[in-house]
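Working notes, beginning with the structure itself.
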Amino acid sequence: MNTWMSLSFQDSASFVMEEMIFFYDFSFLIISLILVFVVYIMGFLMISSFLSRFVLDNQVLEFIWTSLPFIILIFMAFPSIRILYLMDEVKSPLLTCKIMGHQWFWSYEYSDFDKIEFDSYMIFNIVRLLEVDNSFVLPIYSKVRLLVSSYDVLHAWTVPALGVKVDSIPGRLNQISFTANRLGVFYGQCSEICGANHSFMPIVVEIVNIKNFGMWVSSML
């Protein structure tokens, strides 16, 4: 969960989110170096008395300022594409769950088990309006595939700590996968304006160990 005046990402709770944070740090480093270089050049030009009326072109300089940005973009593109493919990979999931968005609550169904489905409503009068009556329980270190759609209007199922944001669209089934690598309770919200009570659609994901997940499944059957 975000803390007051937090300016950074939430602590990672999945392998994909770790990769996204690493890529952010890598990109921010490159952008910072470019900013320092540009500021230095601008400052140098402001205080320098150098002047030339005869330099009309410089082929070497033009080659450098054309090729260098291209090389930098290549170095940034490859890790970005890798993360995109990792997010779309849904090979051999251990667990498949269906999520439906409603105005204004979420419904969950565990497709691998019989009769495990429930609705998740926000609990009122709780600080930050992030608690729900039924948490979405998942096992740690297990690849989970989510099938997301909507019953009425556009929604978006989002949990920042897990690095997950998937659109919930009526008549369309979107899918995404992730593997949680940290125990805990993680919070999210609907991230697509969906009506008057859009801000009252919290998401609570509870990551537990395999033993506790088995006990929870037994209690729900």
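The values are calculated or read from the model by the stated rules, or taken from the named source; none is laboratory data. Small disclaimer: the values here were computed from a predicted structure and weren't measured. Cβ coordinates were reconstructed from backbone atoms using ideal geometry, including for glycine residues, and neighbour counts include every protein chain displayed.
For Arg53, the criteria (1) loosely packed, with under 14 Cβ neighbours inside 10 Å; (2) in a helix (DSSP H, G or I); (3) not acidic (Asp, Glu) hold in every case but one, which is (2). Considering Ile41, Ile71, Ile47, Ile116, the condition of being surrounded by 14 or more Cβ atoms within 10 Å (Cβ to Cβ) and more than 21 Å from the chain's Cα centre (by Cα) is satisfied by Ile116 alone. Contact annotation: residue pairs with Cβ atoms under 7 Å, 6 or more positions apart or on different chains, pairing a residue in the stretch 67-94 that is touching a residue at least 12 places away in the same chain (Cβ under 8 Å) with a partner that is in a helix (DSSP H, G or I) and of a type in the set (Gly, Ala, Ser), are Met76/Ser27.
Quick check, is Phe28 touching a helix residue (DSSP H, G or I) at 6+ places or on another chain (Cβ under 6 Å), aromatic (Phe, Trp, Tyr) and either closer than 29 Å to Pro170 by Cβ or surrounded by 10 or more Cβ atoms within 10 Å (Cβ to Cβ) (or both)? No, not satisfied.
Restrict the check to the stretch 21-33 and report whether at least one residue is under 30 Å from Ile176 (Cβ atoms), within 13 Å of the chain's Cα centre (by Cα) and part of a loop (DSSP other than H, G, I, E, B). Checked against the condition, which is being under 30 Å from Ile176 (Cβ atoms), within 13 Å of the chain's Cα centre (by Cα) and part of a loop (DSSP other than H, G, I, E, B), the stretch 21-33 yields no hits at all. Here the stretch 74-84 is the region considered, the condition is being loosely packed, with under 11 Cβ neighbours inside 10 Å and among the aliphatic types (A, V, I, L, M), and the residue that is nearest to Met20 (Cα to Cα) is Leu84. The set of residues from the stretch 56-68 being part of a loop (DSSP other than H, G, I, E, B) and exposed (fewer than 10 other Cβ atoms within 10 Å of the Cβ) comprises Leu56, Asp57. Among residues of the stretch 202-217 that are in a helix (DSSP H, G or I), those with a beta-carbon under 7 Å from a residue that is modelled with pLDDT under 95 at least six positions away or on a different chain give the pairs Val217/Phe113; Val217/Ile116.
Where strands (runs of 3 or more DSSP E) sit wholly within the stretch 81-156, those with at least 1 residues that are of a type in the set (Ser, Thr, Tyr) occupy 95-102, 105-110, 117-120, 143-150. Summed over the stretch 145-158, the residues that are farther than 16 Å from Asn197 by Cβ and surrounded by fewer than 22 Cβ atoms within 10 Å (Cβ to Cβ) give a count of 4.
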